[in-house]
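Scroll down for the structure; my scribbles are underneath it.
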Amino acid sequence: MYKKILLAVDGSENSLRATEEATKLAKIESDAIVDILYVNVPPKTAREILLEPSKEEQDKARQARISPVEKILNDAGIKNKVSIVTGEASPTIIQHANTTDADIIVIGSRGLNAVQKFVLGGVSNEVVQKATMPVLLVK
């Protein structure tokens, strides 16, 4: 069914729920692989640039967000790999899915960005609207 599963994560609770669903999908196919995608979104404003943490702090925070996802998949015996890409979240997720020939994208409905709760057209909504492959949106 789905052999190449792209799991877009950001460390949120919904990312962990999405990981559980990706695990269920991966268990259907014995040779399925889950590509854990973490998108580094570059700072946009001068304030964001000034307040940006050091590279070491960024690496530590990123690893803290990815490690629980890897643990869930590893504990379930699911083959996985981690991809870290820099860019705007939605287009980067879609581009990565296309270039890796993902069969499905699994993504949480809300991420860490609190503003997305109030703004129509968050990352997950844009992925659902623009992706050319199936998208599993997890609440």
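Kindly provide the helix-only [θ] at 222 nm of the chain, computed as the sum of -39,500 (n - 2.57) over DSSP H runs of four or more divided by all residues, to the nearest 500 deg cm²/dmol? Could the numbers behind the result be given before it?
Details: 5 runs with 62 residues, N = 139.
Calculated mean residue ellipticity at 222 nm is -14000 deg cm²/dmol.
Give the calculated FRET efficiency between residue 40 and residue 137 to the nearest 0.05, with a Förster radius of 25 Å applied to their Cβ-Cβ distance. Before the final figure, lay out each step's value.
On the way: r = 22 Å, r/R0 = 0.89.
Computed FRET efficiency for residue 40 and residue 137: 0.65.
What net charge do the residues around residue 25 carry, taking every other residue with its C-beta under 12 Å from that of residue 25, with Lys and Arg at +1 and Asp and Glu at -1? Spell out each step's value before the answer.
On the way: positive: 3, 4, 24, 27; negative: 20, 21, 29, 103.
Once positives and negatives cancel, what remains is 0.
Looking at region 1-57, which trypsin sites (Lys or Arg not before Pro) are DSSP coil and have at most 13 other C-beta atoms within 10 Å of their C-beta?
Details: sites: 3, 4, 17, 24, 27, 44, 47, 55; in loops: 3, 44.
Those that pass, being in a loop and sparsely packed, are 44.
Distance check, please: which entries in 60/139; 3/24; 44/71; 4/24 exceed 21 angstrom between their Cα atoms? Don't jump to the answer; show the numbers that get you there.
Details: 60/139 27 Å; 3/24 12 Å; 44/71 32 Å; 4/24 13 Å.
Check vs 21 Å cut-off fails for 60/139; 44/71.
Convert 10 °C to kelvin, take the viscosity as 1.306 mPa s, use the Kirkwood radius over C-alpha pairs of region 1-94 as Rh, and evaluate the Stokes-Einstein diffusion coefficient in µm²/s, rounded to a whole number. Don't skip to the answer; put the middle values down first.
Numbers: Rh = 14.1 Å.
Reported coefficient: 112 µm²/s.
Under 16 Å from a point placed 7 Å out from the Cα of residue 71 along the Cα-to-Cβ direction: which residues of region 13-52 have their backbone N that close?
13-20
Only the coordinates and a few stated rules stand behind these numbers; no lab work does. Bear in mind the structure is a predicted one, so any value in this text is a computation, not a measurement. Using ideal geometry, Cβ is built from the backbone for each residue, glycine included, and neighbour counts are taken over all protein chains shown.
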